[in-house]
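**Q** One structure, as structure tokens, below. Some questions next.
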Amino acid sequence: MACAAQFIVLFDVSVITVALPSVQTDLGFAPADLQWVVSSYALAFAGLLLLGGRLGDLYGQRRVFVGSMSVFVVASVVGGLAATPALLIAARATEGLGAAVLAPLALTMVTTTFPEGHRRTRALALWTAVSLVGGASGNVFGGVLTEYLSWRSVLLINVPIGVPVLLLAARLLPRRDGPSRQGRLDLPGAVLATSGVALLTLGVAQAHTHDWSDAATAAPLAGGSVALVALAVVEKRIASEPLIPPRLFTLPGVGWGNLAMLLAGAGFHIPMWYFLTLTMQRVLGYGAAQTGLGFMPHTVVMLLVGLFLTPRLMRYVQPRVLIAAGALVAATGFLWQSTITPDSTYLQGIFGPAVVISFGGGLVSTPLTTTVTSGVGAADAGAASGLVNTARQFGGAFGLAVLLTLTTTDAGTAAALVDSYGDAFQGIAVVLVALAVLAVALPAQRRLPGGEQHDRGIPRQAGADQGTSVDSP
């Protein structure tokens, strides 16, 4: 259930992208408004992740999972049947709301079910592999569904995925009569966190079409920064049940790990898919279905490396070493990707770099997720998961905004665009080199008998062993 929830959330981030031209033609979107089909989902998703992560801690996984999945599925149906631009944008924003609760809850379900050690590593490897496949397959299926069925099918396909998971969750997750722990939701913290992250994401999104100094960009960035500073004060000095417990940041893996997650999001998340899509369509001249299928190597290699190779390496190699090595390998792949030309074949221009990029990405994801969740108690697992997802999502949005200011992506010849996209791929390589350097600051882990590793010098929080182990009755 956790993997299915994570898949559907990340699938919906990317599945609509290739379908945007068809959406514009069918519903009559103005060119300036079309971005909101993507941005409305991204804003709600990023802005509500911290709140969504805490809801499961306070009100129980079953209640929150069933409710958020129901919201997501219903919104997908409304969006798939939408007859006006306004209704589609509203449905996408509502999908983002459901996704903001599902994503951190999916990770929480994994970390509270499997105790730290090799079994959790294997579980996180599967969860991470499904995450990677979800994002990549959105591009694949989005192109194929749009070309051979309709753009509406890219939203309606969530129904046959989500409904069985919803029924399974209602049947199998344990029922609780009341909140899973004493305390109330930190409403001031929730408002500040949602406002801060949403405003920062909006400001970053506005940087796509406005200068950083323009009021449309600067005002939301300033407002978001002020809201997050106020959030830090409220969480530390006022809130009795903080949305983000300050004790989380006493764990070295949480502080440095989320900064590393932000950099990973800026390299492997939205910017990679965005510029690769433009490269295949505008430089190589691929159609929607060809572009979608062009992402198959990224999906398959990341899945194989992340699911089968990385968990075995983690039994003998420090996670931070794998993170650094994977980031450097992927950076090399992006440098290769930057050399593409309009005359490049698929094997030379896409497939070769894809193998290198995806091999490196497969080495990074599971060790980084393991590091950033290590030592977190079951009582705070949802808050930590919300923080992880927020760092990754905001990193992707911020990375794309910065890269767009360094490139020219408007209409032009393939020869003119290829140099601009090459600069973007080189910029991603620089971000990944920074991630490799930052990996040195991540906590080391001590090795236990049998090759398992636990964090060195990281005290487990109170309640850390309260999660349900797979070996428990």
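**Q** Give the shape of the range 1-54 as rounded, prolate or oblate, defined through the alpha-carbon gyration tensor: a ≥ b ≥ c are the square roots of its eigenvalues, a/c under 1.5 means rounded, and otherwise the shape is prolate if a/b is larger than b/c and oblate if not.
**A** Here the range 1-54 falls in the oblate category.
**Q** Oh, and also: Step through the residues of the range 243-248 one at a time and calculate ³J(HN,Hα) from phi using the Karplus curve (6.51 cos²θ - 1.76 cosθ + 1.60, θ = phi - 60°), rounding each to whole Hz and writing x for Gly and Pro.
**A** Result, rounded to whole Hz: 4, 10, x, x, 4, 4.
**Q** Shape call for the range 203-332 from the C-alpha gyration tensor, a ≥ b ≥ c root eigenvalues: rounded (a/c under 1.5), prolate (a/b greater than b/c) or oblate?
**A** Since a/c reaches 1.5 but b/c is at least a/b, the shape of the range 203-332 is classed as oblate.
**Q** Then there is this: So if each residue of separation counts as 0.36 nm, and I subtract the Cα-Cα distance between Ser344 and Asp423, what length gain in nm does that give?
**A** Full extension from Ser344 to Asp423 adds 26.7 nm.
**Q** Is the shape of the range 1-118 rounded, prolate or oblate, going by the alpha carbon gyration tensor and its root eigenvalues a ≥ b ≥ c, with a/c under 1.5 for rounded and a/b larger than b/c for prolate?
**A** The shape class here is prolate.
**Q** Tell me the carbon and sulfur percent of the accessible area for the chain, rounded to whole percent, probe radius 1.4 Å.
**A** Solvent-exposed carbon and sulfur of the chain make up 66 percent of the total.
**Q** Also, quick follow-up: Order the following by accessible area, largest value first: Val9, Val159. Probe radius 1.4 Å; ligands, DNA and RNA are ignored.
**A** Val159, Val9
**Q** Kindly report the accessible area of the chain per residue (heavy atoms of protein chains, probe 1.4 Å, no ligands, DNA or RNA), in Å².
**A** Each residue of the chain exposes 39 Å² on average to a 1.4 Å probe.
**Q** Is any helix in the chain, taking whole DSSP H runs, at least 24 angstrom long along its axis by alpha carbon and on average at least -1.0 on the Kyte-Doolittle scale, and which ones?
**A** Qualifying helices: 36-59, 61-80, 85-113, 118-148, 187-206, 215-233, 319-337, 352-373, 381-405, 414-438.
The values are calculated or read from the model by the stated rules, or taken from the named source; none is laboratory data. This is a predicted model, so every value here is computed, not measured. Keep in mind that these areas ignore ligands, DNA and RNA; they rest on the heavy atoms of the full protein, side chains included. Shrake-Rupley method; radii C 1.70, N 1.55, O 1.52, S 1.80 Å.
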